[in-house]
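Q: I am attaching a structure below and will ask some questions about it afterwards.
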Amino acid sequence: MSERVFDIAIIGGGINGAGIARDAAGRGWSVALCERGDLGGATSASSTKLVHGGLRYLEHYKFRLVREALQEREVLWGIAPHIIWPLRFVLPHHQGLRPAWLLRLGLFLYDHIGGRKLLPATITRKLDDGILKPEFAKGFEYSDCWVEDSRLVVLNARDAAERGAHIMVRTECASATREGGLWHLTLRDQDGMSSTIHARTLVNAAGPWVARVLGQVVRSNTQAKVRMVQGSHIVVPKLYEHDRCYIFQNADNRIFFAIPYERDFTLIGTTDQDYQGDPADVHASRAEIDYLCKGASDYFAKPVTPDQVVWTYSGVRPLYDDGASAAQEATRDYVLKLDANEGEPPLLSIFGGKITTYRRLAEAALDKIAPFLPKMAGSAAGWTASAALPGGDFARDGFDGLVRYLLGKYPFLELSHATRLARAYGTRAEVLLGNSKSMADLGEHYGADLTEAELRYLVNGEWASQAADVVWRRSKLGLRITPSQFTRIDEALAAMAPQRQPV
């Protein structure tokens, strides 16, 4: 690889880096992506797991951002119906906060400015099931979508690799220098081995580390106007039985969600506060946990207390610093900064963005650097809007049929197991299961319903090498895995790693 010149080198394997790699590889450009940790292992794994327009952004007049995000909901649902699906959200009217007419007006805009075609429209409804406190008697129900965020990253990388991209996980870019019209990147893998690759263009998609890459790796003069905003979530045992989500208003003008999660739990979040320090060290603080518990207790009939919390996660959003006074008001729009002096290979740095608009960001990024790249005969711009992600090549209303097919071909599977495999892998669950005739054919069982066959699939096809990659990112089985089982998974992965081959 050291003598090859790539068209595009990408630093960062979050959703933006993986999305750019997929789009570029599909257009015929040669791509190399390096990620110093796990794919989608930081900000991209720490979202609220929603593909949504961002209802609250309407208050800040971010109409273009909301419109673009709303347009993307049904596009992404169409290309990845296994990991993206519709949800209904209940917004209770809170006396003394935003008036009911304003909420209804906002939801009218939300229904209409994004070209909604398949998702159901907003309705007004009574809230009389006893889940919320009696004062919340009226609310509005509207549509958005759920996304398995870490899997979205991995599937973009998987598709990029199948289209020729080189995806290098746990490989850090130690330095990147311009010389002779090319970028020269020195890479260092997790074993300390160094290598060099060359590229015509460089994309800095390092997320919360975008400024560090600019200052220490590339040594660019590009001004790094980054605002680091921490968002934390808590997970508690299931608070209610129905499948709808809640969006709650706080008196401090923030909003947060309560969402059914992994069958037996409820996800609550997120917070919004400025963050200082290394993004790798971010964690949900006691103050954030208390804040989310109090906010939920203000609405739910039964209080939510910190002792109920079974898991927390936290991430840092690298927003573009637009000078907003409050963290929740800082723009969620993406900003692309091109450093392209005459005669030198260009550098594109990415600031901000939302997981919902990653595909549009990738198109905009490639528009910026395309003039510096060779003309290719691959797919045309926009191809990612209709090409299914791996495993998503079935009709978006056909998920139940996929589960029935798996149960028919593999009758030894429990319904819950088949459903989880279909949700994670879509049609590629059949690749994972192969010619198995019984549970014994799937090899060792590591806890929950995780088997050796699935672990090997994740090693060979999805770059998994540590237990956390498997049980917290490519799945959420960590909620059901014991510490001893976690250790055994790490041992099994270590034994499988030398056999790793691209699928």
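Values quoted throughout were computed directly from the atomic coordinates according to the rules given, and no laboratory measurement underlies them. Just so it is clear, the model here is predicted, and its values are computed rather than measured. Cβ coordinates were reconstructed from backbone atoms using ideal geometry, including for glycine residues, and neighbour counts include every protein chain displayed.
Q: Which length gain, in nm to one decimal place, applies between S194 and R212 when the Cα-Cα distance is subtracted from 0.36 nm times their residue separation? Walk me through the numbers on the way to the answer.
A: Working: separation 18, 0.36 × 18 = 6.48 nm, distance 2.01 nm.
Additional length available on full extension: 4.5 nm.
Q: Here is a follow-up. Okay, which of the stretch 221-243 sit inside 17 Å, backbone N to the point 7 Å along the Cα-Cβ direction of A287?
A: So the set is 228-233.
Q: Another question about this same structure. Given a Förster distance of 60 angstrom, what is the FRET efficiency for A494 paired with R64, based on the Cβ-Cβ distance and rounded to 0.05? Could you put the intermediate results ahead of the total?
A: Numbers: r = 48 Å, r/R0 = 0.80.
Efficiency, from the Cβ-Cβ distance: 0.80.
Q: Please report the orientation-averaged projected area of the chain, defined via the convex hull of its C-alpha atoms, in nm².
A: Seen from a random direction, the Cα hull of the chain projects 23.3 nm² on average.
Q: What order, most packed first, do the peptides 176-188, 121-133, 245-257 have when packing is the mean number of other Cβ atoms within 10 Å of each residue? Before the final figure, lay out the partial values.
A: Working: 176-188: 16.8, 121-133: 14.2, 245-257: 18.5.
Top to bottom by mean Cβ count within 10 Å: 245-257, 176-188, 121-133.
Q: May I ask you to list the chymotrypsin sites (Phe, Trp or Tyr not before Pro) in the stretch 21-115 that are in a DSSP loop and have at most 16 other Cβ atoms within 10 Å of their Cβ?
A: Passing both the DSSP loop test and the Cβ count: Y61.
Q: Provide the FRET efficiency to the nearest 0.05 for the D278-Q308 pair, computing r from the beta carbons and using R0 = 25 Å.
A: 0.25
Q: Are there GluC sites (Glu not before Pro) in the stretch 329-403 that DSSP puts in a loop and that have at most 16 other Cβ atoms within 10 Å, and which ones?
A: Passing sites in the stretch 329-403 are E342.
Q: Further question on the same structure: Let me check against my output: what whole-number percent is the relative contact order of the stretch 399-499, with C-alpha pairs under 8 Å and at least 6 apart?
A: 21 percent
Q: Just subtract the alpha-carbon distance of E135 and L415 from 0.36 nm times their residue separation and send over the number in nm, one decimal. Please list the in-between numbers first.
A: On the way: separation 280, 0.36 × 280 = 100.80 nm, distance 3.96 nm.
Length difference between fully extended and current span is 96.8 nm.
Q: Let me ask another. Under a crude label model (7 Å from the Cα following the beta-carbon direction), how far is A440 from A380 in nanometres?
A: Result: 5.6 nm between the two label points.
Q: Cut-off 13 Å, label point 7 angstrom out along Cα-to-Cβ of R88: give me the residues of the stretch 222-260 whose amide nitrogen falls inside.
A: 242-246
Q: Hey, could you pull the Cα Rg and Dmax for the stretch 212-283, both in Å?
A: Final numbers for Rg and Dmax: 17.6, 54 Å.
Q: Excluding residues on the same chain fewer than 8 positions from K133, give the lysines whose Cα lies under 16 Å from its Cα.
A: Answer for K133, where 16 Å is the Cα cut-off: K294, K302, listed by chain and number.
Q: Which of the residue pairs K354/K476; K138/K354; K62/K238; K354/K375; K49/K337 have a Cα-Cα distance greater than 24 Å in the structure shown? Spell out each step's value before the answer.
A: Values: K354/K476 22 Å; K138/K354 31 Å; K62/K238 34 Å; K354/K375 30 Å; K49/K337 27 Å.
Cα-Cα > 24 Å for K138/K354; K62/K238; K354/K375; K49/K337; rest within.
Q: Using the Cβ atoms and a cut-off under 12 Å, what net charge is assigned to the surroundings of G478, where Lys and Arg are +1 and Asp and Glu are -1?
A: Around G478, the charge tally is +2.
Q: Could you calculate, for the stretch 247-286, the ratio of the Cα radius of gyration to the Kirkwood radius, expressed as Rg to Rh?
A: Here the Rg-to-Rh quotient is 1.06.
Q: Go ahead and estimate [θ] at 222 nm for the chain from helices alone: -39,500 (n - 2.57) per DSSP H run with n ≥ 4, summed, over the residue count, rounded to 500.
A: Estimated from H runs of four or more residues: -8000 deg cm²/dmol.
Q: With Kirkwood's inverse mean 1/r over C-alpha pairs for Rh, give me the Rg to Rh ratio of the stretch 399-499, two decimals please.
A: Values: Rg = 13.0 Å, Rh = 13.7 Å.
Here the Rg-to-Rh quotient is 0.95.
Q: I've got another one for you. If you average the sequence gap of Cα pairs under 8 Å that are 6 or more apart and divide by the length of the chain, what percent do you get for the contact order?
A: With pairs under 8 Å counted, the relative contact order is 19 percent.
Q: Looking only at the stretch 433-449, which residues have a backbone nitrogen under 11 Å from a spot 7 Å from the Cα of T482 in the C-beta direction?
A: 447-448
Q: Hey, another quick one. For the stretch 293-404, what D do you get in µm² per second when you plug the Kirkwood radius from alpha-carbon pairs into Stokes-Einstein at 20 °C and 1.002 mPa s?
A: 112 µm²/s
Q: Moving on. So if each residue of separation counts as 0.36 nm, and I subtract the Cα-Cα distance between N221 and L102, what length gain in nm does that give?
A: Gain in length upon complete extension: 38.3 nm.
Q: Per residue and in cubic angstrom, what volume does the convex hull of the Cα atoms of the stretch 112-262 have?
A: Taking only Cα atoms, the stretch 112-262 has a hull volume of 231 Å³ per residue.
Q: When Rg is the radius of gyration of the Cα atoms in the stretch 443-488 and Rh is its Kirkwood radius, what does Rg/Rh come to?
A: Taking Rg over the Kirkwood Rh, I get 0.91.
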